[in-house]
Structures are given as structure tokens and as C-alpha cells.
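J.: Okay, here's the structure, questions in a sec.
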Amino acid sequence: MRKLKYIIVFLVLTFSNSLIFSQVDSALIKELILAKSETEKVRILLELSKNSIDFDPNQSHEFAMQALTISEKEGLEPQKSESYRRIGIYYMYHSDYPKAMENIIKAMQIAEKLNNKLLIAKCLMNVGAINYDYSEYNLALDNFSKSLTLAKEIDDKETISGCLTNIANVYTNLQDYKMAIKNYQEAIKISTEREHTKDIYKALINIGNVYTYEKKYVEAEKNYFKALKITNELNDKTGSVTCLNNIGNLYLQTKKLDKALDYSNQSLDLAIEIGSKSDMQLAIQSISRIYKAKGDFKSALAYFEASAAVKDSIFSDSKNKEFGKLESKFELEKKQTEIDLLEKDKALNEAKAHREVLNRNLIIVGIVLGFVGLLTFIQYINNKKTKEYNQQLISQNKEIKAQSEALVIAHDELDKFIYRSSHDLKAPLTSVLGLINISKMEKTMENIPTFLQKMHKSVDKLMLVLRDLTSYSANARSEILAESIDFRILLDKSLTELAYHENFPKVEITHTIVGENQFFSDSSRIGILLTNMISNGISHADFTKDKSTVNIHITQSLEKSIILIQDNGKGIRDEIKPRMFEMFYKGTNDSQGAGLGLYIVKGVVNKLNGKMDFSTDEGIGTSFRFEFPSLKGLI
């Protein structure tokens, strides 16, 4: 517990730390200034674009556009192709895939005319990455494989390694773990030949993760420790933190709790040393789970609260950075305004001197023309204002009509909501009261356990109804609050809430989370969605099968998150599908809640500007896919 004090001190010391702004490579900028040829300038601009894409995408785009302008002017076709490709990568970072594909196709067309196999291979790899982000895994594999074939023909080991890693990532998402490991191992072999040690330990961590998904814990442990040895030799403390935390989580899953606590504490110590708050939060969160598994709920709660404090601190840092950027932008705009004023003063002085030279006749003509122009301008302004007022009136009339229609719909919906809610709340309460009265009439204790069991089922049903009503109210009334999402915490909370469900112990629930980037959205609404979808999987499980499962797979990035929830339950009958998202609709007798689950889920998707689709086979199971954009811009 003493370590918690160090964490608090760390937060106090770093809460108001100075803002850090990304900077481009000053050495390359100096080379750019001193470049003697246009070809050299383009080479440096493209290198700057590549180096700055991760920390300043807008600057990367600007460098690529400058390179494209010079390449077109000088007729430098290979550089022109690479410029288009880097512009496409910029749009990929912003999830504008149509524009990304448009620019990458331009790059590939030029590369094909030149028969430049390296550029073609890189373009194919970018197209595969777009397919991957769209979850079009077969197309992604096809393009990554084509890129790999070309890269092998020209023996470009960097591109070969990148293709193998991308192919392995696809197989991991497809849960073809054997092929995933095979490709990660081939990538390690290439990275070893390149003497690129950092790529080796990253691949070893990925292999460890795959073995963990397969529950092959011994193999996972070997790869994590190999990766840890390399990070220690490189003195790569960030990599070491990741390895230690993964090892701690591995031991937690295998119930080796003392070892889990030891490695998670090492991860926390190192995270504090390097000042990485995100790694601190992951380590503290792991320690909280370990204490919970040990039954030390007091320590588990203390570390959970510390994790929340670190999370708040990360959020505050993010806000400070945004403030710093705004402040910097304000200063730049202020300087630009001063320059504009000076230029205007200069222009006025020159105009004044010029006017003194003009003769009186020209001055008179100028005055007349100015007067005519003023009248024309006044007439134009009046016409423009009249048009704007008319447009405003039309818009307001449309808005009033829409609001009236929405009010009628809301009124009908409210009447229906009150009627059905009171009925769904009254039914289990009436059942409990009836059982209590029957119990009072019993002269022996023989039937009391049966009555208590039935009361418990009624109370469970009441809890489900109350949960549905609370979720409906939270989604319908509360404002959207964008914050950094920790899907592991949300899943833990959902599973804790559903632990009272009578079928909860009978269903195997697994989850995987891919991507270390922070994703921003409304955690309350995402939590509501997860709870309702997992609850559906439990309620509609098919216990005639050998094993009932609910699998959650989450992929997150800076731009979006994709949530895939699959079960092997009873599936959804065709006659249910048209009404399954309606308020209070219960398609089967298995439904225990208020019939609001999928209605609430659809409401959450609409509130967060998300996308949703599903596929189902009766008797086989159901799969729901959700895609949400980042709401970081709302912070």
C-alpha cells in the first residue's frame, strides 16, 4: 500500500508539468534549406512526411503536398508516385478512406507505368491496410500477399517484414492463431537479418499475446520473457513496461497470484520511473485485479481508485495540451494580424502618395465611380439581407414543423413507456407478494426453499427491468461526455453487473482487445451497450450444446473502435428481425427484462454517430458488429 503514496506524489509533481509539443527533425529541415537540387528537396520532404505522420499528420500532409508540387513541375515520376502515396496515408490516419484510396490508386498507376515494383508493393500494402480497417480480412490478405510477393522479388526486407506482420495481424483477428504465429516468426527472421532488434521484441510480444488467446500459457510465458530480455539489453524501458505488464496479466490468468503481483509491481515501478501515466494506469489496474482475485478487496479498491486518479490525470494532461495548442495558435494569429496591419499601413501610405500625383479630373471620376459603386454595394447588401431573412424564415418554419412532429411522437412514446414500465415493474412485485402470502400460510418449512427460489427469480426479473429502465433514461437524457475509454474496465463492470443472472455461470465469456491507442467516446453509453449485448447472449444461450459461449473482440485506434460480439446461442428467427429494435418488443419467452435491450443499443449507436450490423443463423448463433468514431474533438 506504500506504493500508492508514491503514485499520488507522482501525480502531484506531474499534474502541472509543462506542455510538450511535437517537433520535426531539425537536422532534416537544415538539409532542406541547404538542398542544391529540386530532386534533393523532394527526397527530404518525403522523408519529413514519413517521420512526422505519427505525431503531426497535418504537417506530414503539408510536406507531401510540397513534394508533389515540385515533382510535377520537374517531371520526377517516382517521387510523384510516393508523394501521392504519402497523401493517401495522411487520409488513412483521418479515416477518410475514399480520399486515401483515391490518392493511393494514383500512386499505383504511376508506379505501374514505371514498373517500379517497390512502389507497387508499398501501395498494395496500403490498400490492404484500408481493407483491414474495414474488416474486409480476405481482401486485406489478398493485397498483403501480392505486396509480399513483389517485395520478395526485389528483396526489400523492410517491406517484407511489414507485410508479414500485417498478415499475422489479420490471422489474429480471424482467430487463425497457427497462421498468425507462423507469419510473426517469419517477420522475426527478416528483422534479425536486418538487425532491427526493436521489431523482433514487438513480434515476440504479439506471439505471446496469440498464445495467451489460445490459453497456451507456457509458450506465451517463453515469448514474453524473450521480449523482456531484449528490451532490457536495449535499455528500452517503454518496451520493458509492456512486457512486465503482460507477464503479470499472464500469471493472473494462470492463478499464480504472487508472481502476478511481483511483475505488475515491477511494471508499475518502471512506468513511474519513465513518467508514463498510461502504462501506470495499466499496471495499477492489473494490481487491482490481482488483489481482487486474492480476496483482498480493500487493497483492490484502493488500487482501483488510484487507477481512476491516474486516468483523471491523463485526461487533465490532454486538456492542458489542447489549451497549449490553442494558446500557440492564438499567438501565431496575433503575430499574423500585426503583420497584416503593417502591410495595410504601408499600402495606405503608398496609395496616399499615388493619389496626390493624380490630377483633379481623375479624382472627380474616381469619386463618381465610387459613389456608383457604393450605391450598387448597398443594393447588393439589401438584396443579400432580404434573401438571408427569407432563408431563416423557411428554416425556422421547417424546424418548428419538425419539432411539432417530434413532440407528437415523443408524447405517444412516453404514454407507451409509462404503461409498459408500470406493467413490467408490477408483475414481479405481485409475484413476490403472492409468494410471501402463500409462505405465511405454510405450517411447515418443507416448501419454503421452493418459494424463496421463485421469489429470487422474480427479483432477478425486477433487477433486469430496472437496469433496462435506468439505461434507457441515461441514454435518452444525459449529455454526451467524451473521455478516454478503457474497455477492460467497462467489460469488468458489465460482467459484475450481470453476475446475478441465473445463467451467468453456465456461459463462457471471453474477450480480446487489440490496439494500445487511446480511444475517446462516452464511456457510460459504451458500457450500457456492452452490458445489454452480453446480457442478450446469456439470456438466449442454447444449453443443448456442449458449451455456450459469448466472445467479445474489440479493435481500437485513435480514430475509431470496432466492437464484435458473437455467441453460439439460438439465433434470431426471421419473423423477429423486422421488430427486434422496437421499444418493449420481446421476441421470445427467454427475454426477462423490459424488452428495451436492443432498443437502447440502437439509441446508443445513434447518439454516438456509430454504425451497427448483424448476422444470425437460427440454431447456430448471432454476431453483432459496432463501429464508433472517436469523439476526441468534443473534449
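J.: Would you mind getting the accessible area per residue of the range 485-635, heavy atoms of the protein chains only, 1.4 Å probe, in Å²? Intermediate values should be presented prior to the final figure.
T.: Details: 6490 Å² over 151 residues.
Accessible surface, normalised per residue, equals 43 Å².
J.: Then there's this: Quote the accessible area belonging to E446 in square angstrom, nearest 10, computed with a 1.4 Å probe and with ligands, DNA and RNA left uncounted.
T.: Approximately 150 Å² for this residue.
J.: Could you order the peptides 246-252, 139-145 from most to least packed, using the average number of other C-beta atoms within 10 Å per residue?
T.: 246-252, 139-145
J.: Next question. What relative contact order, as a whole-number percentage, does the range 31-159 give when Cα pairs under 8 Å and 6 or more residues apart are counted?
T.: This gives 16 percent for the range 31-159.
J.: If you don't mind, another one. Given 4 °C and 1.567 mPa s, compute D for the range 507-635 with the Stokes-Einstein relation, Rh being the Kirkwood radius over Cα pairs; round to the nearest whole µm²/s.
T.: Values: Rh = 15.3 Å.
Roughly 85 µm²/s, to the nearest whole number.
J.: Kirkwood Rh over Cα pairs of the range 214-309 into Stokes-Einstein at 10 °C, 1.306 mPa s: D in µm²/s?
T.: On the way: Rh = 13.3 Å.
Using the Kirkwood radius from Cα pairs, D works out to 120 µm²/s.
J.: Sticking with this structure for a sec: Counting only heavy atoms of protein chains, what accessible area per residue, in Å², does the range 68-114 have with a probe of 1.4 Å? Walk me through the numbers before you get to the answer.
T.: Numbers: 2280 Å² over 47 residues.
That works out to 48 Å² for each residue.
J.: Run the accessible area of the range 473-576 with a 1.4 Å probe and give the carbon-and-sulfur part as a rounded percent. Could the numbers behind the result be given before it?
T.: On the way: 2200 of 4450 Å².
With neighbouring chains kept in place, the figure for the range 473-576 is 49 percent.
J.: Under the rule of at least 5 residues apart or a separate chain, name every residue whose amide H is placed under 5 Å from the amide H of K560.
T.: Hits under the 5 Å cutoff: S630.
J.: Could you tell me what percent of the accessible area of the range 241-314 is made up of carbon and sulfur, with a 1.4 Å probe and every protein chain present? Please list the in-between numbers first.
T.: Working: 1610 of 3030 Å².
It is 53 percent, rounded to a whole number.
J.: If you take every residue apart from L150 with its C-beta less than 10 Å away from the C-beta of L150, what net charge results, scoring Lys and Arg +1 and Asp and Glu -1?
T.: Working: positive: K117, K122, K146, K152; negative: E153, D156.
The answer is +2.
J.: Can you sort F377, F614, F581 by 1.4 Å-probe accessible area, starting with the largest? Write down the numbers at each step before the final one.
T.: Details: F377 115, F614 70, F581 45 Å².
Most to least solvent-accessible, the answer reads F377, F614, F581.
J.: So, one more: Of the listed peptides 196-207, 296-307, what is their order by residue-averaged count of other C-beta atoms within 10 Å, with the highest listed first? Intermediate results must be reported in sequence, preceding the final value.
T.: On the way: 196-207: 20.7, 296-307: 16.8.
Listed from highest to lowest mean packing, they are 196-207, 296-307.
The values are calculated or read from the model by the stated rules, or taken from the named source; none is laboratory data. The model shown is predicted, which means the values in this text are computed figures rather than measured ones. Neighbour counts run over all protein chains shown; Cβ positions are idealised from the backbone, glycine included. SASA here: full protein model, heavy atoms, side chains in, ligands and nucleic acids out. Shrake-Rupley method; radii C 1.70, N 1.55, O 1.52, S 1.80 Å.
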